[in-house]
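Okay, so here's the structure we're looking at.
The values are calculated or read from the model by the stated rules, or taken from the named source; none is laboratory data. Predicted model, so just to flag it, every value in this text is computed and none were measured. Note that we place each Cβ from the backbone using ideal geometry, even for glycine, and neighbour counts take in every protein chain shown. The protein model used for the area step is the full one, side chains on, heavy atoms only, and it has no ligands, DNA or RNA in it. Shrake-Rupley method; radii C 1.70, N 1.55, O 1.52, S 1.80 Å.
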Amino acid sequence: MVTRFDRARRGISGGGSRRFGWLLLLAAAIALLVQPGSPIQAQGAGARYEGVASCAGSTCHGRAEGNGAVVRQDEIATWQEPSSVAGAHSRAFAVLASPRGKQIADSLGLGPATSAPACLGCHATYEPGSAKGARFQISDGVGCESCHGPSSGWLASHYAKPATHAANIAAGLVPLERPQVRAKVCLDCHFGSTGAGQFVTHSMMAAGHPRVSFELDLFSALQQHHDEDGDYAARKGKTDNVRLWAVGQAEAVARSTDLFARPGFGAEGVFPQYYFYDCHSCHRSINDGPQRKLTFETNPGRPIPFGQAPYNDENIIMLSAIAKAFVPGRAAQFETASKDFHRAMGQGRGEATAAAQRLRGEAAALSDALAARSFGSGDAFAAVQAIADRTLTARFTDYTGSAQAVMAVDTLLNAMVRDGRVTTGAATGIRANINRAYGAVRTPESYNPAQFRSALGAATNAIGALR
């Protein structure tokens with residue numbers, strides 16, 4: 001299904017619509033059941049959640065057509081789109097009552113999923129300790145305030161002409177235009193947090209919950225309910241999609257390693273918490289024949305003992321490329337911390353925890369550097385070149401890392417089109433190879449590392465030739 005996200009908001013046409021159609025399939029596997037949108041921390045004492053209905057007036061965000069003078073004003077209709085990824089947040093609560101939701105809850109002994117805190121933390125605007133307004137309904141799912149913050153302090157004033165964006169933030173509105181802020185809000189459910197009901201365990205996945213995955217720029221586009229026009233740029237600044245992607249990767253590594261290092265998250269009983277590990281390395285066919293058939297490839301970025309379950313390093317791989325392209329002064333430190341972390345997996349829980357904390361520090365430093373850095377029109381090309389480097393492509397041995405890589409290349413190509421560095425026609429010519437790479441990661445069962453590397457290599461070579 002092609003929506004206005006395809007062209008008006010991503011700057012894509014022609015072959016881009018076909019590419020986006022595949023992305024909808026990829027994202028749907030994640031978004032339709034791993035419904036994103038965690039409740040954020042209240043921005044002040046006494047903040048109250050007023051509910052979606054408080055935003056839905058016909059003179060506010062509830063118009064049927066997006067023809068408002070300042071903002072579209074049809075944001076609620078976009079949020080409610082019944083069959084597209086754009087409406088995934090609004091379906092978050094309802095999916096808990098689906099056969100799959102009931103099966104997961106029954107297997108885990110949670111009782112009804114629609115009232116289980118372990119589910120509501122990400123399937124609804126759920127903050128038990130905060131006050132709720134008269135129009136708030138938890139059945140709304142992941143509502144406006146899940147991302148924008150409890151609205152009692154700014155709802156009545158944020159639309160008034162004297163109001164400024166800075167004043168709205170001071171009143172409690174979450175500044176989602178800031179990449180680090182947005183990443184932290186999204187990652188609460190798109191990776192996990194220490195908040196109630198915001199961590200998907202291996203037990204949940206064993207019960208049927210989909211694997212969690214995230215890429216900030218792509219998922220921002222899928223959930224972008226507004227236009228970035230001149231008014232938006234004047235109030236909040238123009239979004240730099242390369243920065244958004246890069247900061248998102250850094251924050252994902254920081255969040256992953258932070259949770260892994262915490263005693264209540266990194267282990268489950270006597271076993272490590274397998275949520276953090278690469279699913280594909282274990283969940284493959286088992287062959288007990290006289291001639292072994294390896295179900296994994298040696299990965300030069302992971303100095304781990306033979307047979308050790310590898311940590312899911314999809315974001316670590318991307319951040320290695322980002323560091324080399326944009327923050328070369330910290331690239332070697334990050335690479336060392338990354339390898340030390342993998343190496344520590346074969347040593348013990350204590351060593352792995354300490355290494356995770358060091359890696360988190362490096363990722364956080366990179367996030368700060370990337371958020372403060374000025375990005376130019378050639379940076380998307382530099383990032384693609386870093387991803388195409390042989391030292392990095394040798395690390396595309398697993399489904400998760402490969403899926404992250406093709407999303408990155410696609411994101412970066414879109415940024416080049418928007419910036420006018422690559423024509424739509426030239427981008428369309430590259431789509432065939434990008435679509436081949438997407439096809440190689442369509443499902444974990446059909447994933448073929450060599451085919452993926454070939455397709456991605458053809459795409460990155462073609463992009464590099466346009467520089």
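Residue-by-condition table, conditions (1) charged (D, E, K, R); (2) under 27 Å from the mean Cα position of the chain (by Cα):
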residue	(1), (2)
S58	no, no
H61	no, yes
V70	no, no
D74	yes, yes
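Determine, yes or no, whether S90 is open to solvent by 20 Å² or more (accessible area, probe 1.4 Å), part of a helix (DSSP H, G or I) and not charged (D, E, K, R). Working first, answer last.
Values: open to solvent by 20 Å² or more (accessible area, probe 1.4 Å): yes; part of a helix (DSSP H, G or I): yes; not charged (D, E, K, R): yes.
So S90 fits the description; yes.
Condition check ((1) outside any helix (DSSP H, G or I); (2) of a type in the set (S, T, Y); (3) open to solvent by less than 40 Å² (accessible area, probe 1.4 Å)) across all residues:
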{"site": "T257", "(1), (2), (3)": "no, yes, yes"}
{"site": "G264", "(1), (2), (3)": "no, no, no"}
{"site": "R302", "(1), (2), (3)": "yes, no, yes"}
{"site": "G329", "(1), (2), (3)": "no, no, no"}
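Selection over segment 279-292 of residues that are within 25 Å of A206 (Cβ to Cβ) and in a loop (DSSP other than H, G, I, E, B) gives a count of 7. None of F219, F199 is farther than 23 Å from G264 by Cβ and either at pLDDT below 95 or not in a helix (DSSP H, G or I) (or both) except F219.
Might you check whether a residue that is in a loop (DSSP other than H, G, I, E, B) and closer than 22 Å to R211 by Cα occurs anywhere in segment 234-250? No: segment 234-250 contains no residue that is in a loop (DSSP other than H, G, I, E, B) and closer than 22 Å to R211 by Cα.
Condition check ((1) farther than 29 Å from G208 by Cα; (2) of a type outside the set (D, E); (3) surrounded by 14 or more Cβ atoms within 10 Å (Cβ to Cβ)) across all residues:
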site	(1), (2), (3)
Y277	no, yes, yes
C282	no, yes, no
P305	yes, yes, no
M318	no, yes, yes
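Residue pairs whose Cβ atoms lie under 9 Å apart, separated by 6 or more positions or on different chains, with the first residue in segment 62-77 and surrounded by fewer than 18 Cβ atoms within 10 Å (Cβ to Cβ) and among the acidic types (D, E) and the second at pLDDT 90 or above and outside any loop (DSSP other than H, G, I, E, B), are E65/A77. Residues considered: D278, D231, D288. Of these, the only one that is without any contact (Cβ under 8 Å) to a residue 40 or more places away in the chain and among the acidic types (D, E) is D288.
Among the numbered conditions (1) part of a loop (DSSP other than H, G, I, E, B); (2) among the charged types (D, E, K, R); (3) out of contact with any Gly (no Cβ under 6 Å at 6 or more places or on another chain), the only one that R453 does not meet is (1). Picking from residues in segment 121-177 that are among the acidic types (D, E) and assigned to a loop (DSSP other than H, G, I, E, B), the one that is surrounded by the fewest Cβ atoms within 10 Å (Cβ to Cβ) is E177. Scanning segment 379-413 for residues that are open to solvent by 20 Å² or more (accessible area, probe 1.4 Å), outside any helix (DSSP H, G or I) and not hydrophobic (A, V, I, L, M, F, W, C) yields one hit, D389. Every condition in (1) in a helix (DSSP H, G or I); (2) in contact with a strand residue (DSSP E or B) (Cβ under 9 Å, 6 or more places away or on another chain); (3) open to solvent by 30 Å² or more (accessible area, probe 1.4 Å) is met by V181 except one, and the failing one is (2). Within segment 206-216, restricting attention to residues that are under 13 Å from Q103 (Cβ atoms) and in a helix (DSSP H, G or I), the residue that is most open to solvent (accessible area, probe 1.4 Å) is A206.
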